[in-house]
Amino acid sequence: MVTPLEIKKKEFRRCFRGYDDQEVDNFLDRVAAAVETLLKENDELKGAMDRAEQNISGYQELENALKQAMVFAQKNAQELKENTQREVDVVRREARAAAEAIRQEALQKAETVFEESRRKAEEITLQAHRQAEQSLEAAQRQVDELLQEYRQLKKQVKAFRDQFRSFLEAQLERLDDQEHGMAREMKPVIAEESRGIESSTAEAEPDVGETEPQPETRQLKPIADDKS
């Protein structure tokens, strides 16, 4: 390759009627300067190309690194996704198992509580029946005792009435033997006394749901028997 210095130092042979030396030298100087400029530009371009190639190489390395990083990231993302999915599946299975265990435990507790409640209800019902039967028996005994007392009182009242009737009949027989006028005056008095005694007897008789019929007050003739 011709350098600018070689162009400047180039000498041509002289001949008759040759080129003007000054013009040739001037032209050569211009050519040398142009060549020198071109060479400098060429060197700069080569440097720029070298730098560009270095940059390209660096970019390629960066691209490769990025590609590897992307592949690694995708791989890690896939692995993370798979691991996460596996963990989610495990958590779901464990949650379902725990929920089923809780449900079974709740069912067992509910059955236990229900059975205990049913047993207590049966015990309470049985106890209530027993208490009711005992109460009924006690009430029946009280009723029987009251009826027995009522019957005794009724017998006593009847006996008193019979005795009192006999007494009155005897008194009437005695009065019949007396004078007719004396008997007529005494009959209202005896009748009044009889009514008072009968009224006192009726008030003394206990009221147990069955009312003893009151004897009808009559003029002192033989008093009719009480049909109670």
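Things to note:
- Members of the stretch 158-178 that are touching a helix residue (DSSP H, G or I) at 6+ places or on another chain (Cβ under 9 Å) and in contact (Cβ under 8 Å) with a residue 40 or more places away in the chain: F160, R161, L168, L172
- Residue in the stretch 43-50 that is modelled with pLDDT under 85 and either of a type in the set (A, V, I, L, M) or in a loop (DSSP other than H, G, I, E, B) (or both) present: no
- Test result for E149, under 46 Å from the mean Cα position of the chain (by Cα), surrounded by 10 or more Cβ atoms within 10 Å (Cβ to Cβ) and in a helix (DSSP H, G or I): no
- Filter result for the condition that a residue is of a type outside the set (G, A, S), part of a helix (DSSP H, G or I), modelled with pLDDT of 90 or more and surrounded by 10 or more Cβ atoms within 10 Å (Cβ to Cβ), over R118, R93: R93
The values are calculated or read from the model by the stated rules, or taken from the named source; none is laboratory data. Treat the numbers as computed from the prediction; the structure is a model and nothing was measured. Because the Cβ atoms are built from the backbone with ideal geometry, glycine has one as well, and the counts that use them run over all protein chains shown.
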